[in-house]
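Notes for the one structure printed next.
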Amino acid sequence: MKIAITLLLYAIAFVWGCTWLRGEGSKLHRLWFGCILVWCAYENICGITETPHFNMATLYITYFQPAGRFIIKWLGG
């Protein structure tokens, strides 16, 4: 039930947000707005169901943190 309500609220937010996006280039802005809302819904539903998921911290922990440690060791720190 929580997931259905969450999806309904995201759909309402998308429709309401698209009414504000008017003018030149609005189709592209609506596309980006929809992509952001889909990502937020994905994160929210994964949080509700407690399933492991990919997020922005995963990229940092997987790639940038080991690279930073390597650079620090390489510089003698």
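Read the figures in this text as sums done on the coordinates, not as results from a lab. Since this is a predicted model, take the numbers as computed values, not measurements. Reconstructed Cβ throughout: ideal geometry from the backbone, glycine too, with neighbour counts over all protein chains shown.
Some values worked out for this structure:
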| item | result |
| --- | --- |
| Sum of -39500 (n - 2.57) over DSSP H runs of 4+, divided by residues of the chain (222 nm, nearest 500) | -24000 deg cm²/dmol |
| Span-like helix ranges in the chain, DSSP H, alpha carbon extent 20 angstrom or more, Kyte mean at least -0.5 | 2-20, 26-49 |
| Tyr63-Cys40 pseudo-label distance in nm [points 7 Å out on the Cα-to-Cβ vector] | 2.5 |
